[in-house]
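Accompanying notes for the structure given below.
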């Protein structure tokens, strides 16, 4: 190596070191400015390991979960500081949002049994930071149709956000297998098996289905339903672990968190540790690699049809990754992608970025495609009524059907979190129906006032959290449930 090359190498190394030190210093400064870690951030409850999950059954999982929640209750009762004993803290027993006081704590795993012998079984997998609450409306519709619904609380969820600081995605994957084994046991091997996955649960559902292609001991799903699936996430997640490096020093423990917030949601974490992003990235990378490999090997032809519901505008997952990383790899096997377009007739339409005009065109390849494509969009440039525009697999023409549903005038799009919740949902609904009370309604709040008064930013409250097209979503899910529901009233 010449002297000039050595000098260039040294200068490059020096620049890299300076940049790295600057970034670490900036990260330390950023984290030290925020609120301090609370007991629910630092307490890490014990969960079953992968090896233990492989050996256990549903009864064993529920027993371990009951022990977990008992210990959590004791820990929070004795460990909370006086300043944390406030109405806006879900871990304070005197709070109206304390989950333990509700008729059912939807943070826990549950099974919904039909009145007669099960006609089939469905496994429901919630998302990251989420709980089994998120898919309960879909679970209830399956039960009404005569199916048994198994909704598992995935490890490190439903308890404290600190649990996500040490979990590995392989534990979620192993817990998924526990739930499927129980669903098959309850319904029997001759009945159909469906899997419904929301967000991170969607990635787990697809991963399980791929595993089952090569393992005769695993029950294969006959249908896979994905809602805002986490097939790909933002590139920042790849470097989230670097952001947490200062946390190796005890004085900078907050660097292990991407967000430290008050916990005012009874069924979802608001705070988010670096490890949560790291594990989501590890899962999606493994999933995308496996999909691509199976596609090259011609094995995806054995995969069950996939029905996906996705908002065209999604801040959490990459919608294009769903198209390119999953659907573009699938053979023509009856799969379908349903996209909810932005509301082009919204009151906010003059304020939308110009890039929103072509969001769908940039997302979808030109037809013909190997999968059916359905777009829910405005019937015209100024019309508020939505229509279904459907293009069959292998076709280039589309047919249009009016839905009789509309966006609320002040909603400009759906969001990642909105799709599985009807407008009447007690916690997230725009128009809660009053059938339940969880101490707070986050979906109907339209806060106006001065800065600094609320526990949370107004951005948190402005994000729409329920789906005005939920009746359509359920209608499409029910097409695969036999027999069809005859007298079931539409969800509110």
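Overview of results
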quantity: Selection status of residue 350, assigned by TED's automatic domain parsing to the domain that holds residue 88 and farther than 19 Å from residue 224 by Cβ; calculated: no
quantity: Qualifying positions in the range 291-312 - more than 26 Å from residue 479 (Cβ to Cβ) and crowded, with 18+ Cβ neighbours inside 10 Å; calculated: 294
quantity: Selected residue (criterion: farthest from residue 88 (Cα to Cα)) from residues of the range 275-300 that are touching a strand residue (DSSP E or B) at 6+ places or on another chain (Cβ under 7 Å) and free of Cβ contacts under 8 Å to residues at least 60 places away in the same chain; calculated: 281
quantity: Scan of the range 35-49 for residues that are assigned to a helix (DSSP H, G or I) and surrounded by fewer than 16 Cβ atoms within 10 Å (Cβ to Cβ), ordered by number; calculated: 42
quantity: Candidates 167, 111, 150 - the one that is over 22 Å from residue 473 (Cβ atoms) and in a strand (DSSP E or B); calculated: 111
quantity: Whichever residue in the range 405-418 is within 17 Å of the chain's Cα centre (by Cα) and buried (at least 24 other Cβ atoms within 10 Å of the Cβ) and, among such residues, is nearest to residue 269 (Cα to Cα); calculated: 417
quantity: Conditions (1) at positive phi; (2) surrounded by 14 or more Cβ atoms within 10 Å (Cβ to Cβ); number of the one not met by residue 378; calculated: (1)
quantity: Output for the range 64-86, where each listed residue is surrounded by 14 or more Cβ atoms within 10 Å (Cβ to Cβ) and over 27 Å from residue 176 (Cα atoms); calculated: 75, 76, 79, 80, 84, 86
quantity: Hey, residue 214 more than 24 Å from residue 59 (Cα to Cα) and modelled with pLDDT under 95 or not; calculated: yes
quantity: Residue within the range 390-412 that is modelled with pLDDT under 80 and either part of a loop (DSSP other than H, G, I, E, B) or in contact with a helix residue (DSSP H, G or I) (Cβ under 7 Å, 6 or more places away or on another chain) (or both) present; calculated: no
quantity: Unique match (being in a helix (DSSP H, G or I) and farther than 27 Å from residue 359 by Cα) among 294, 269; calculated: 294
quantity: Test: residue in the range 166-176 that is closer than 10 Å to residue 123 by Cβ and buried (at least 23 other Cβ atoms within 10 Å of the Cβ); calculated: yes
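Results for (1) in contact with a strand residue (DSSP E or B) (Cβ under 7 Å, 6 or more places away or on another chain); (2) modelled with pLDDT of 95 or more, shown as yes or no for each residue.
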{"residue": "53", "(1), (2)": "no, yes"}
{"residue": "69", "(1), (2)": "no, yes"}
{"residue": "97", "(1), (2)": "no, yes"}
{"residue": "116", "(1), (2)": "no, no"}
{"residue": "133", "(1), (2)": "no, yes"}
{"residue": "150", "(1), (2)": "yes, yes"}
{"residue": "156", "(1), (2)": "no, yes"}
{"residue": "159", "(1), (2)": "no, yes"}
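Residue-by-condition table, conditions (1) in a helix (DSSP H, G or I); (2) in contact with a helix residue (DSSP H, G or I) (Cβ under 6 Å, 6 or more places away or on another chain); (3) not assigned by TED's automatic domain parsing to the domain that holds residue 267:
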{"position": "59", "(1), (2), (3)": "yes, no, no"}
{"position": "65", "(1), (2), (3)": "yes, no, no"}
{"position": "93", "(1), (2), (3)": "no, no, no"}
{"position": "107", "(1), (2), (3)": "no, yes, no"}
{"position": "121", "(1), (2), (3)": "no, yes, no"}
{"position": "133", "(1), (2), (3)": "yes, no, no"}
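The values are calculated or read from the model by the stated rules, or taken from the named source; none is laboratory data. Bear in mind the structure is a predicted one, so any value in this text is a computation, not a measurement. Here Cβ is always computed from backbone atoms with ideal geometry, including for glycine, and neighbour counts include all displayed protein chains.
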